[in-house]
Number of protein chains: 2
Amino acid sequence: MIRISFAELKSTIKQAFLRAGMPEDRAETCAQIHTETTCDGVNSHGINRVERFIEYIHSGLVDVHASPKLAFALGAMEIYDGQLGPGILNALFAMDRATVLAAQHGLAMVALRNTTHWMRGGTYGWLAADKGFIGICWTNTESCMPPWGSRSEAVGNNPFVMAVPRKEGHLVLDMAMSQFSYGKVWSCRDKNIKLPFPGGFDHEGNLTDDAAAISETRRILPMGYWKGSGFAIMLDVIGALVSNGLATAGIDKANKGSAGSSSQVFIAIDPEKMNTREFIEQTLESTIAQLKAAVPVKEGGQMFYPGEQSLNTRKQNLQNGIPVDEPVWNKIKELAAQ
Amino acid sequence: MIRISFAELKSTIKQAFLRAGMPEDRAETCAQIHTETTCDGVNSHGINRVERFIEYIHSGLVDVHASPKLAFALGAMEIYDGQLGPGILNALFAMDRATVLAAQHGLAMVALRNTTHWMRGGTYGWLAADKGFIGICWTNTESCMPPWGSRSEAVGNNPFVMAVPRKEGHLVLDMAMSQFSYGKVWSCRDKNIKLPFPGGFDHEGNLTDDAAAISETRRILPMGYWKGSGFAIMLDVIGALVSNGLATAGIDKANKGSAGSSSQVFIAIDPEKMNTREFIEQTLESTIAQLKAAVPVKEGGQMFYPGEQSLNTRKQNLQNGIPVDEPVWNKIKELAAQ
């Protein structure tokens, strides 16, 4: 691990995107998001995805020039065809558009089909919250998780995001339907340590925290056992239906890389349409106060509201530099110099 | 366990509700829902709640005459004050109203504040799906689960429901944010058997499937560890904000019994606004086909779509009679005869 400043990380990633043929303004936005994500400590969906994203551009899986195209509009609902453009740009557009419609209607839903990997889902929750809106969004993916009762991959891990605006720090939940990502499982395996909690099944079919065993069986655990498995199926089909796009079974057949041709949903709600600012703040502060006043398991332990730890990490990394894996950083520099 | 016919169960529950002072049409509807819930195998939220519901009527925690009162309306969004009326009637009204608004706008949200226990959340998902709508709904509750990192109850278990209409059987997910209900934990403890999977913590702070230990610590597990804890918080505050109602911290203070003065959200989407029937069926059938084609863990094992097992149970119980605990059944008969 080495530490890189936000400015240096962003300019290097941007340079790599420019070299890959992205227009200036698009490279700027995508570099900003990849850097913010890394700054929040989510390297897996920030700097660590830059190389693959560039590969996808070169192999034609992502069209750097494509933009969302309106396919359907009815009042507070719109559907866009993402035309396999950069997933970040498509998703930023869609959530922003949802907030514009919600400012008018109170509640709005923008669905996006035929898009590509949005990287970190939380990005779009923060976008909505920064603009003062409650945001709910999700994406489907290709098959990467065995449904409950199975040992072969047949459902996506379909990340789901909820965000609520708050002056002192938004509440943002960003969770995949798998308990742990493969990135986490592989990282624990490589370090020869156990997962913090059981996260999959071994060859004997026992629930285990043994990362090496789970890497072998590929039986990663849906969060909440059968619950995350069922939730993944619902997010998948609802996402496909409201976008008139592909469900996981169709994405698997399309075979366009990680999350290529996926379907996404962006819901925005304007909480100030039915509430005063005062009521909103009071509701959030009393909830957080109750959370913080609970008895910690370990003396001195803390309970965090969703999004709080990202915020803490962000502050620290802006001050001390953003920790990145040195080989990954060297690869980005190489891509930027080519 | 004894088996009772649907008709006998319903008429006896209805009689008990009438004896408690419920008007005829309201007793009819509530008895129907309690019986359907029991018929689907969810006794915990059907027949097993009848006695407590009647206690709540007698103690004034539920007003059998109250109806939802419009508090706010803006296009496809409405808020109702449930006025502590029967939770089932309030929630049926709210989801039905959401479908009426969605038929017009495509997408609609009805929020309900100051309501009482809605019993089984899945009821309202099935209602939406029966009418051809995608339904999403949730409720908050009083504190009944320790947030992640804590050993004292400070968040609700906030059941969350998603439903998609399908000719051959709707897809309906109905899940609480706790991995197991206290009902399940106590039932395993009393039978001296382990939970099927780890579902809480023992006195040493270890994750365990020991139901007796979890009953003692009351450290039930949020589904997906920290994920269910964070999800519960988001459902809670969003529910309170869009209904202009109470969050869990406020419900705890109100102290109006289980889920008394809770806040609920009902979202309906008309999938035929942007899709053909054919596309909808094709999306659902290909998803279910992929699920069914996955490799089962155990030879001959099956993977089920959300709601499928309820449907199977319903069919069996309609044929063979509905299994109920004999002491519970005797109590209902007693309440009906009083």
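Each reported figure results from applying straightforward, stated rules to the coordinates on display, with no laboratory input. These figures come from a predicted structure and were not determined experimentally. All Cβ positions, glycine included, derive from the backbone under ideal geometry; neighbour counts span all protein chains shown.
Can you tell me the Rg and Dmax of the protein assembly as shown, counting just the alpha carbons, in angstroms?
Rg and Dmax of the protein assembly as shown, Cα atoms, are 24.6, 86 Å.
Comparing B:T116, B:T276, B:T313, which has the greatest mean-square fluctuation in the GNM of chain B with Cα pairs linked when under 10 Å apart?
B:T276
Scan chain B for the residue whose Cβ is closest to the axis carrying it onto chain A, then write down that distance in whole angstrom.
Of all Cβ atoms in B, the one closest to the rotation axis yields B:G224, 2.
Taking segment A:14-80, which trypsin sites (Lys or Arg not before Pro) meet the DSSP loop condition and have no more than 15 other C-beta atoms within 10 Å?
Values: sites: A:K14, A:R19, A:R26, A:R49, A:R52, A:K69; in loops: none.
Taking segment A:14-80 and a limit of 15 other Cβ atoms within 10 Å, no loop trypsin sites (Lys or Arg not before Pro) are found.
Let me check against my output: what whole-number percent is the relative contact order of segment A:36-180, with C-alpha pairs under 8 Å and at least 6 apart?
In percent, rounded to a whole number, it is 16.
Run the helix sum for the protein assembly as shown: -39,500 (n - 2.57) per DSSP H stretch of 4+ residues, divided by residue count, reported at 222 nm to the nearest 500 deg cm²/dmol. Could the numbers behind the result be given before it?
Values: 24 runs with 300 residues, N = 676.
The helix contribution divided over the protein assembly as shown gives -14000 deg cm²/dmol.
Could you list, bin by bin from short to long, the percent of Cα-Cα pairs of segment A:152-241 in 5 Å steps?
Answer for segment A:152-241: a P(r) of 3, 14, 21, 19, 16, 12, 9, 4, 1, 0 percent.
For segment A:272-317, build the charge dipole from Cβ charges (+1 Lys, Arg; -1 Asp, Glu) around the Cα centre, then report which of A:N317, A:G301, A:Q282 sits farthest towards its positive end.
A:N317
Exposed loop sites here are GluC sites (Glu not before Pro) in DSSP loop states with at most 15 other C-beta atoms within 10 Å. What is the longest stretch of chain B lacking them?
Details: sites that count: B:E168, B:E204, B:E299.
The answer is B:1-167.
Please get the size of the charge dipole for segment B:253-338, origin at its Cα centre, with Cβ charges of +1 on Lys and Arg and -1 on Asp and Glu, quoted in debye to the nearest 20. Display every interim value, and only then the final one.
On the way: 10 positive and 10 negative charges, 81 e Å.
Magnitude of the dipole: close to 380 debye.
Debye sum, Cα scatterers, segment B:87-217, no solvent: what log₁₀ I/I(0) at q = 0.15, 0.16 1/Å?
Results for segment B:87-217 at q = 0.15, 0.16 Å⁻¹ read -0.79, -0.85.
Please identify the helices of chain A, taking whole runs of DSSP H, that span at least 15 Å along their own axis as judged from the Cα atoms and have a mean Kyte-Doolittle score of 0.5 or higher. Walk me through the numbers before you get to the answer.
On the way: long enough: A:6-19 (20 Å, 0.04); A:24-39 (22 Å, -0.93); A:87-105 (26 Å, 0.76); A:226-243 (26 Å, 1.23); A:277-292 (22 Å, -0.43); A:308-320 (18 Å, -2.06); A:326-337 (16 Å, -0.39).
Sorted by number, the helices that extend far enough and score high enough are A:87-105, A:226-243.
For the protein assembly as shown, with only Lys/Arg (+1) and Asp/Glu (-1) charged at the beta-carbon, what is the dipole magnitude about the Cα centre, in debye rounded to 20? Intermediate values should be presented prior to the final figure.
Numbers: 64 positive and 70 negative charges, 26 e Å.
It works out to roughly 120 debye.
Along Cα-to-Cβ, 7 Å out, sits the label point; list in nm, shortest first, how far the one on A:E51 is from those in the other copies.
Output for A:E51: 6.4 nm, nearest copy listed first.
Given the pairs A:K191/A:K331; B:K10/B:K331; A:K227/B:K167; A:K131/B:K227, which span a C-alpha to C-alpha distance of over 18 angstrom in this model? Don't jump to the answer; show the numbers that get you there.
Working: A:K191/A:K331 22 Å; B:K10/B:K331 14 Å; A:K227/B:K167 23 Å; A:K131/B:K227 25 Å.
Check vs 18 Å cut-off fails for A:K191/A:K331; A:K227/B:K167; A:K131/B:K227.
Normalised by the empirical 2.2 N^0.38 Å for globular proteins, what value does the Cα Rg of segment B:105-161 take?
On the way: Rg = 14.2 Å, N = 57, 2.2 N^0.38 = 10.2 Å.
With N residues counted in segment B:105-161, Rg over 2.2 N^0.38 Å equals 1.39.
For segment B:30-95, take the alpha-carbon Rg, divide it by the Kirkwood Rh, and send me Rg/Rh.
On the way: Rg = 13.8 Å, Rh = 13.0 Å.
Taking Rg over the Kirkwood Rh, I get 1.06.
What are the nm distances, shortest first, from A:I193 to its equivalents in the other copies, labels at 7 Å along Cα→Cβ?
Copy-to-copy label distances at A:I193, shortest first: 3.8 nm.
Hey, what did chain B get for relative contact order, percent, Cα under 8 Å, at least 6 apart?
Working: 715 pairs, mean separation 80.5, N = 338.
Reported as a whole number, the value is 24 percent.
Taking a ≥ b ≥ c as the square roots of the Cα gyration tensor eigenvalues, with a/c under 1.5 meaning rounded and otherwise prolate when a/b beats b/c, else oblate, which class fits chain B? Mind dumping the intermediate values first?
Numbers: a/c = 1.15, a/b = 1.04, b/c = 1.10.
The shape class here is rounded.
In whole angstrom, how far apart do the alpha carbon centroids of segment A:236-255 and segment A:15-93 sit?
19
How many percent of all Cα-Cα pairs in segment A:204-271 sit more than 21 Å apart? Walk me through the intermediate numbers first.
Numbers: 1046 of 2278 pairs.
In whole percent, the long-distance tail amounts to 46.
For chain A, give the magnitude of the charge dipole about the Cα centre (Cβ charges: +1 Lys/Arg, -1 Asp/Glu; no others), in debye to the nearest 20. Mind dumping the intermediate values first?
Details: 32 positive and 35 negative charges, 26 e Å.
Dipole magnitude for chain A comes out near 120 debye.
Please label the shape of segment B:279-321 as rounded, prolate or oblate, based on the square roots a ≥ b ≥ c of the eigenvalues of the alpha-carbon gyration tensor (a/c under 1.5 means rounded; beyond that, a/b larger than b/c means prolate, else oblate). Before the final figure, lay out each step's value.
On the way: a/c = 3.75, a/b = 1.32, b/c = 2.84.
Oblate is the answer for segment B:279-321, as a/c is 1.5 or above yet b/c matches or exceeds a/b.
Given Cα positions, please report Rg to Rh for segment A:244-287, the hydrodynamic radius being the Kirkwood one. The partial results should precede the final answer.
Working: Rg = 19.2 Å, Rh = 13.8 Å.
A ratio of 1.39.
Once each part is reduced to its C-alpha centroid, what is the distance from segment B:314-333 to segment B:165-222 in angstrom?
23
Go from 0 up to the bin containing the longest alpha carbon distance in segment B:1-138, width 10 Å each, and give me the % of pairs per bin.
12, 41, 33, 12, 1
Using the 7 Å Cα-to-Cβ label point, sort the distances from B:A293 to its equivalents in the other copies shortest first and give them in nm to one decimal.
Counterpart label points of B:A293 in the remaining copies fall at 5.5 nm.
Mind checking which of B:H34, B:H170, B:H65 has the largest fluctuation in a GNM of chain B, springs on alpha carbons under 10 Å?
Of B:H34, B:H170, B:H65, the Gaussian network model singles out B:H65 as fluctuating most.
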